[in-house]
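Participant: Let me begin by handing over the structure; questions about it come next.
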Amino acid sequence: MKLNFSAEDELFRNEVATWLEENLTGEFEQLRFRGGPGDEHMFPEERKKWEQKLAEGGWTCVGWPKEHGGRGCSIEQQVIFNEEYARAGAPGHVGHIGEGLAGPTIIAFGTEEQKKKYLPGIVAGKELWCQGYSEPSAGSDLANVKTKARLNEETGKWIINGQKVWTSLAQEADYCFVIARTDPGSVAHKGLGFFLIKMDQPGVDVRPIQQITGTSEFNEVFFDDAECEADDIVGAPGEGWKVAMGLLGFERGVSTLGQQMQFQNELNEIIRIAKDNGANKDPIIRQRIAKAHTELKIMRYNSMRMLSAQGGSDGGLQKEALIYKLFWATWHRDMGELAMDVMGPESQILDNGDYALTRLQSMYLFVRSDTIYGGTNEIQRNIIAERGLGMPKEPKVKA
């Protein structure tokens, strides 16, 4: 694992920092430190404009190959970009699902036609994506999906029917990548397809789910005879599980650095408040802040270890990546509690009569979901035990 940066890398750092300093101003000044967990609903239109501003400067998809519109940055330079992005207080990426998940998956598994059709819009910051994985009966157990895809022989289009849930930012997305069952008689991970579906069409209904924060970042998405072009399936029918697992490899990849960017901003805010209100004089609080800081560094080093490892051609998860979700979800939940303890009694008071939460109040409420979505902590422990340690699989109980 490389932890040092070359002179060339440090010149790159200066380029990134200078561009952010010059451009995160004017109409974009209000976006500083916004768009993190529990705050994704803030300034959606302004953040879309910021995404396009990044694209104009060549700062979207920095790790993508140059032939696909990216900068072809090394792992070290991608780390630097995320560090400087955090230091400048730049907002959470509204296009992160396309840039970090959909795009890399299409590059790895898609056809040349799919790359030409979908990658430019992501690079330009103009086309946003959401993820159609979870269903009411297929959350952590993704292989239990019931959404169906049927090829209409007359029109040559796939017809999609089913329901997805906990779909982040579906209300803003232009496209959704969807796992659906192409073989109605199949079970588990067999007989699945990975589809690229346009959201703005008849048969796609997005219904917001009001969260404990009072906002609706998550959504239900219903597909009722929604259409998908015949060539908008990534891989062949039946290969959806392979593609889906490859995508999860990218989820545990470079996109983790952007996530840690938000974590560092939150921790910095907690430290600022502790200094302002005197909470930093409490030895227990100081110890908890030090623990949060140390574990965030451990998280970063493990991410760099993950990124330094040689992955398989199918994007399969390395053993270093198996621990990541469990670690960050538990850490972030605990930091939410630390934030409230540092704020003291003020953590229970709203700024005004409306349900207007501060950034840290929203974060505290939102992180209750961290140990559930993306695979519960219990599921993550099973994955570590079975795939990482080679222990026997958990017995299946038949109903």
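The numbers here are math on the coordinates, done by the rules we state, and not lab data. Quantities reported herein were computed from a predicted structural model and do not represent experimental measurements. Positions of Cβ are backbone-derived with ideal geometry, glycine not excepted, and every protein chain shown enters the neighbour counts.
Participant: Would you work out which of Ala86, Gln131, Thr18 lies farthest towards the positive end of the dipole of segment 1-136? Charges go on Cβ: Lys and Arg +1, Asp and Glu -1.
Facilitator: The listed residue farthest towards the positive side: Gln131.
Participant: Still on this structure: Which whole-angstrom value gives the distance between the alpha carbon centres of segment 1-59 and segment 199-260?
Facilitator: 25
Participant: Over the chain, calculate the relative contact order: mean separation of alpha carbon pairs under 8 Å at least 6 apart, over the residue count, as a percent.
Facilitator: Dividing the mean separation by the residue count of the chain yields 15 percent.
Participant: Determine, for each peptide in 12-21, 264-273, 359-368, the mean count of other beta carbons within 10 angstrom over its residues, then list the peptides with the highest first.
Facilitator: Ranking, from highest mean packing down: 359-368, 264-273, 12-21.
Participant: Further question on the same structure: Which of the residue pairs Lys116/Lys325; Lys146/Lys242; Lys164/Lys198 have a Cα-Cα distance greater than 22 Å in the structure shown?
Facilitator: The answer is Lys116/Lys325.
Participant: Once you order the gyration tensor axes a ≥ b ≥ c over the Cα atoms, which shape class does segment 7-94 get: rounded for a/c under 1.5, otherwise prolate or oblate by comparing a/b with b/c?
Facilitator: prolate
Participant: Can you tell me which of Gly26, Gly95, Gly139 moves the most in a GNM of the chain? Springs connect C-alpha atoms under 10 Å apart.
Facilitator: Top of the fluctuation ranking is Gly26.
Participant: For segment 7-94, calculate the relative contact order in percent as a whole number, restricting contacts to Cα pairs under 8 Å that are 6 or more residues apart.
Facilitator: 42
Participant: Just flag the trypsin sites (Lys or Arg not before Pro) in segment 130-221 sitting in loop per DSSP whose Cβ has no more than 16 other Cβ atoms within 10 Å.
Facilitator: Counting only loop positions with at most 16 other Cβ atoms within 10 Å, the trypsin sites (Lys or Arg not before Pro) in segment 130-221 are Lys146, Lys190.
Participant: Give, rounded to the nearest 20 debye, the magnitude of the charge dipole that segment 1-155 has about its Cα centre when Lys and Arg contribute +1 at Cβ and Asp and Glu contribute -1 at Cβ.
Facilitator: For this selection, approximately 360 debye.
Participant: Report the residue, chosen from Gln201, Gln163, Gln78, that carries the largest GNM mean-square fluctuation when the chain is represented by alpha-carbon nodes joined by springs under 10 Å.
Facilitator: Maximum fluctuation in the GNM of the chain, among the listed residues, is at Gln201.
Participant: Roughly how many debye, to the nearest 20, is the charge dipole of the chain about its Cα centre, given +1 on each Lys and Arg Cβ, -1 on each Asp and Glu Cβ, and no other charges?
Facilitator: Taking the Cα centre of the chain as origin, the dipole is about 1360 debye.
Participant: Tell me the mean residue ellipticity at 222 nm calculated for the chain from its helices only (DSSP H runs of n ≥ 4, each -39500 (n - 2.57), averaged over every residue, nearest 500).
Facilitator: Per the formula, -13000 deg cm²/dmol.
Participant: A further question on this structure: Which of rounded, prolate or oblate describes segment 129-238 when judged by the alpha-carbon gyration tensor and an a/c cut-off of 1.5?
Facilitator: Taking the square roots of the gyration eigenvalues as a ≥ b ≥ c, segment 129-238 is oblate.
Participant: What helices in the chain pass both tests, a Cα length along the helix axis of 20 Å or more and a mean Kyte hydropathy of -0.5 or higher, using whole DSSP H runs?
Facilitator: Result, helices passing both filters: 283-308, 324-343.
Participant: Computed from the coordinates I sent, P(r) over Cα pairs in 10 Å bins from 0, in percent equals one of (i) 5, 18, 20, 16, 12, 9, 10, 8, 3, 0; (ii) 4, 18, 23, 19, 13, 9, 6, 4, 3, 1, 1, 0, 0; (iii) 5, 21, 32, 27, 12, 3, 0, 0. Tell me the label.
Facilitator: So the calculated entry is the one marked (iii).
Participant: GNM on the chain, C-alpha springs below 10 Å: top fluctuator among Glu295, Glu27, Glu76?
Facilitator: Maximum among the listed residues: Glu27.
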